[in-house]
Amino acid sequence: QVQMVESGGGLVQAGDSLRLSCAVSGRTFGSYAMGWFRQAPGKEREFVAAISRGGGSTDYADSVKGRFTISRDNAKNTVYLQINSLKPEDTAVYYCAAHSRLGTSATMRQYQYWGQGTQVTVSS
């Protein structure tokens with residue numbers, strides 16, 4: 001039903017900035033809260049950031065707070081992740097995902113739809 005495609009990843013230097021995008025299909029984008037997750041080689045998938053349906057609430061993992069900003073444009077069916085001051089430990093596949101709950105709070109299992117991921121590689 002809902003399809004999502006991430007883009008914007010690539011190979012960058014430490015200290016650089018990136019903006020990841022997630023384009024969502026359909027006319028029901030505003031019915032979903034959105035989240036970003038990442039998975040580094042050999043590690044489990046971890047929560048990065050989330051934004052509520054209308055964009056009024058956001059939440060961030062402590063490890064990215066102050067450097068990452070999540071936003072959405074409901075007219076364009078797109079959610080963004082602005083990443084500043086990239087570090088080598090940010091290297092991972094980044095995934096966007098959607099859930100139907102109010103606010104930002106949700107378990108990983110409650111995220112119903114997932115994109116295919118985009119690779120971010122940060123060299124030192």
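Does residue 106 satisfy being among the hydrophobic types (A, V, I, L, M, F, W, C) and farther than 18 Å from residue 117 by Cα?
yes
Quick check: is even one residue across region 32-43 of a type in the set (Gly, Ala, Ser) and open to solvent by 20 Å² or more (accessible area, probe 1.4 Å)? Yes, the conditions are met somewhere in region 32-43.
The values are calculated or read from the model by the stated rules, or taken from the named source; none is laboratory data. This one's a predicted model, so the numbers in the text were calculated from it and none came from an experiment. For accessibility, only protein heavy atoms count, side chains too; no ligands or nucleic acids. Shrake-Rupley method; radii C 1.70, N 1.55, O 1.52, S 1.80 Å.
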